[in-house]
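Novice: If you scroll down you'll find the structure; I have some questions about it.
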């Protein structure tokens, strides 16, 4: 079998290096670590070769904003391209279009609502080239839809999805992720409440939620993600969809609430341009909190016995392994494409692409685990 090339854009970044790590054991593959700095890519390749001299790695300088990007990408002869170069807010589809043009499968970790929800505009082009283009292969909507799909057979009618995520304060943080959150802090977006689409505010509606285990209660607030739009289409009995995230250290969380208010009052139009400064300021609080994070999906509806049913699924990531969670979807899809067990073509959001059992198989490598509780709820909503 000839070697196939897997190109990872942003390959030495927070998520890119973890995806590469999850693919290193594949046979007959060359992992190409790409970014604007070939020196950084080469350094990472040399570090991995020192630990495992048999792995096939190659560094490459590749700038997604360059007019020569498509030609440079084509020269690498990619079979699969994994795009981790966020933030995706404001990005156009030049990268996935280039992948289609060179005949490569494409996977990204986008969490921007428009980028993920509108990816189907590339469906015809992808089908014509017999490639698969997947957007949102991350915690959302990749893992979140996987969890909902797993429990759907237990419901006669699923009416509410309530999702929460809380990373540990000491876990490694990516600047692109922070910029994405800041882009909608204090700004309005649509959510489904009681069967109606209403406006809510980014980092508004602050509340506490008990994740149990080693996490306990943490603050949460509204975030804008693709699932808010995708899930009511995928699960037509839904009446309510809520997604929130929070910061473990309360002073940081409430600081974000103040920032949200300042944007609502039009004092600060957007916090995104101040990302580097805000990240630096947040690092002053690294001595506080833990490196334990959690993700929780609560599903409510009516069971097949016509009684209200609630299921709480909680994922735990202790000891700083939380940043692996957003990468597992992309790792699974890349491996399935490489092994020929994923034969779809076209362009789509990452929904229904793998099972919860497949996720668990890779999550256990890093000690990531989940619990579930099922109970008769007081209300189906």
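Novice: Any idea which of (1) modelled with pLDDT of 95 or more; (2) in contact with a helix residue (DSSP H, G or I) (Cβ under 6 Å, 6 or more places away or on another chain); (3) part of a helix (DSSP H, G or I) is the one residue 257 doesn't satisfy?
Specialist: Going through the list (1) modelled with pLDDT of 95 or more; (2) in contact with a helix residue (DSSP H, G or I) (Cβ under 6 Å, 6 or more places away or on another chain); (3) part of a helix (DSSP H, G or I), residue 257 breaks only (2).
Novice: Out of the range 158-178, which residues are more than 14 Å from the chain's Cα centre (by Cα) and under 28 Å from residue 214 (Cα atoms)?
Specialist: Scanning the range 158-178 gives 160, 161, 162, 168, 169, 170, 171, 172, 175.
Novice: From the list 107, 19, 80, 31, exactly one residue is in a helix (DSSP H, G or I) and in the same structural domain as residue 124 (by TED's automatic domain parsing). Which is it?
Specialist: 19
Novice: Further, regarding this structure: Of all residues in the range 319-328, count the ones that are surrounded by fewer than 20 Cβ atoms within 10 Å (Cβ to Cβ) and either touching a residue at least 60 places away in the same chain (Cβ under 8 Å) or in contact with a strand residue (DSSP E or B) (Cβ under 6 Å, 6 or more places away or on another chain) (or both).
Specialist: 1
Novice: May I pose another question? Take the residues in the range 329-364 that are assigned to a helix (DSSP H, G or I), more than 18 Å from the chain's Cα centre (by Cα) and in contact (Cβ under 8 Å) with a residue 40 or more places away in the chain; name whichever of them is nearest to residue 225 (Cα to Cα).
Specialist: Filtering first and then ranking leaves 337.
Novice: Looking at this structure, is residue 130 more than 17 Å from the chain's Cα centre (by Cα) and not in a strand (DSSP E or B)?
Specialist: yes
Novice: Quick one: count up the residues across the range 283-318 that are on the phi > 0 side of the Ramachandran plot and either surrounded by fewer than 17 Cβ atoms within 10 Å (Cβ to Cβ) or without any contact (Cβ under 8 Å) to a residue 12 or more places away in the chain (or both).
Specialist: Of the residues in the range 283-318, 1 are on the phi > 0 side of the Ramachandran plot and either surrounded by fewer than 17 Cβ atoms within 10 Å (Cβ to Cβ) or without any contact (Cβ under 8 Å) to a residue 12 or more places away in the chain (or both).
Novice: Which of the residues belonging to the range 51-67 are free of Cβ contacts under 8 Å to residues at least 24 places away in the same chain and surrounded by 11 or more Cβ atoms within 10 Å (Cβ to Cβ)?
Specialist: Residue satisfying the conditions is 66 alone.
Novice: Can you pull out every residue in the range 138-161 that is in contact with a strand residue (DSSP E or B) (Cβ under 8 Å, 6 or more places away or on another chain) and not in a helix (DSSP H, G or I)?
Specialist: Scanning the range 138-161 gives 155, 156, 157, 158, 159, 160, 161.
Novice: Restricting the range 167-186 to residues that are crowded, with 18+ Cβ neighbours inside 10 Å and under 19 Å from residue 329 (Cβ atoms), which is modelled with the lowest pLDDT?
Specialist: The residue in question is 174.
Novice: May I ask you to say which residue of 43, 24 is under 24 Å from residue 326 (Cα atoms), surrounded by fewer than 17 Cβ atoms within 10 Å (Cβ to Cβ) and either touching a strand residue (DSSP E or B) at 6+ places or on another chain (Cβ under 7 Å) or modelled with pLDDT under 95 (or both)?
Specialist: Sole residue among the options that is under 24 Å from residue 326 (Cα atoms), surrounded by fewer than 17 Cβ atoms within 10 Å (Cβ to Cβ) and either touching a strand residue (DSSP E or B) at 6+ places or on another chain (Cβ under 7 Å) or modelled with pLDDT under 95 (or both): 24.
The values are calculated or read from the model by the stated rules, or taken from the named source; none is laboratory data. What you see is a predicted model, and the numbers here were worked out from it, not measured in a lab. Every residue, glycine among them, receives a Cβ derived from its backbone with ideal geometry; neighbour counts consider all protein chains shown.
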